[in-house]
């Protein structure tokens with residue numbers, strides 16, 4: 001096996017073997033799922049309503065891309081967890097939305113993006129690409145609101161499975177996802193030979 005970092009499920013026997021061979025766990029991450037049948041609309045609507053005094057939670061449109069790119073650039077250094085949860089910087093092309101790549105955000109009255117989440121859609125599944133919140137709006141429920149918005153919109157359009165994940169070093173992200181109804185079903189480790 002190469003000496004580059006390796007990402008494995010925590011219960012994969014190879015993880016234990018690598019650790020016995022001197023490899024070190026350098027990061028932990030998780031994955032979670034929410035199904036359309038377990039969506040609790042009232043709970044999600046309350047999460048969105050909690051931030052209405054800050055701005056509008058809505059789907060990202062082409063006119064929002066400049067604000068989304070500004071938020072992304074301002075928060076690039078904020079993603080914990082290493083290779084398993086690394087975020088590739090948005091380019092104007094990657095920021096574009098389409099029927100297969102939707103985004104939802106919280107925008108203030110000046111059009112500033114305060115939080116945004118992107119989801120990639122494949123058939124009846126939606127997988128979160130990333131979620132980010134402006135530093136000055138963290139801890140206010142913005143992350144939960146922008147995570148709730150795509151579930152509300154996409155469950156109505158027939159999406160039956162929602163997947164997401166994140167770094168174990170970001171308990172706020174995990175709490176936001178749990179408040180939306182996601183249930184952690186996978187634990188991952190990143191191992192490296194130090």
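What follows is calculated from the coordinates using simple rules that are stated; it is not laboratory data. All values reported here derive from a predicted model rather than from experimental measurement. Reconstructed Cβ throughout: ideal geometry from the backbone, glycine too, with neighbour counts over all protein chains shown.
Filtering region 86-99 to residues that are more than 14 Å from residue 113 (Cβ to Cβ), in contact (Cβ under 8 Å) with a residue 24 or more places away in the chain and assigned to a helix (DSSP H, G or I) leaves only 92. Within region 125-145, the set of residues being touching a residue at least 60 places away in the same chain (Cβ under 8 Å), under 20 Å from residue 86 (Cβ atoms) and under 12 Å from the mean Cα position of the chain (by Cα) comprises just one member, 132. Here 153, 149 are screened, and the one residue that is touching a strand residue (DSSP E or B) at 6+ places or on another chain (Cβ under 6 Å), in contact (Cβ under 8 Å) with a residue 60 or more places away in the chain and not in a strand (DSSP E or B) is 149. Look at region 61-85: where a residue is without any contact (Cβ under 8 Å) to a residue 24 or more places away in the chain and at positive phi, no partner that is assigned to a helix (DSSP H, G or I) and exposed (fewer than 14 other Cβ atoms within 10 Å of the Cβ) sits 6+ places away or on another chain with Cβ atoms under 9 Å.
All told, residue 162 falls short of being under 23 Å from residue 63 (Cβ atoms) and either crowded, with 17+ Cβ neighbours inside 10 Å or touching a strand residue (DSSP E or B) at 6+ places or on another chain (Cβ under 7 Å) (or both). If only residues of region 67-104 that are under 21 Å from residue 51 (Cα atoms) and touching a helix residue (DSSP H, G or I) at 6+ places or on another chain (Cβ under 6 Å) are counted, the one that is surrounded by the fewest Cβ atoms within 10 Å (Cβ to Cβ) is 68. Any residue at all in region 9-20 that's in contact (Cβ under 8 Å) with a residue 12 or more places away in the chain, within 24 Å of residue 98 (Cβ to Cβ) and either in contact with a strand residue (DSSP E or B) (Cβ under 8 Å, 6 or more places away or on another chain) or surrounded by 13 or more Cβ atoms within 10 Å (Cβ to Cβ) (or both)? No, the conditions are met nowhere in region 9-20. For the structure I just gave you, tell me whether residue 41 is touching a residue at least 60 places away in the same chain (Cβ under 8 Å), more than 18 Å from the chain's Cα centre (by Cα) and either within 19 Å of residue 145 (Cα to Cα) or crowded, with 16+ Cβ neighbours inside 10 Å (or both). Taking the combined requirement at face value, the residue satisfies it. For region 3-53, residues that are assigned to a strand (DSSP E or B) and farther than 21 Å from residue 167 by Cα total 1.
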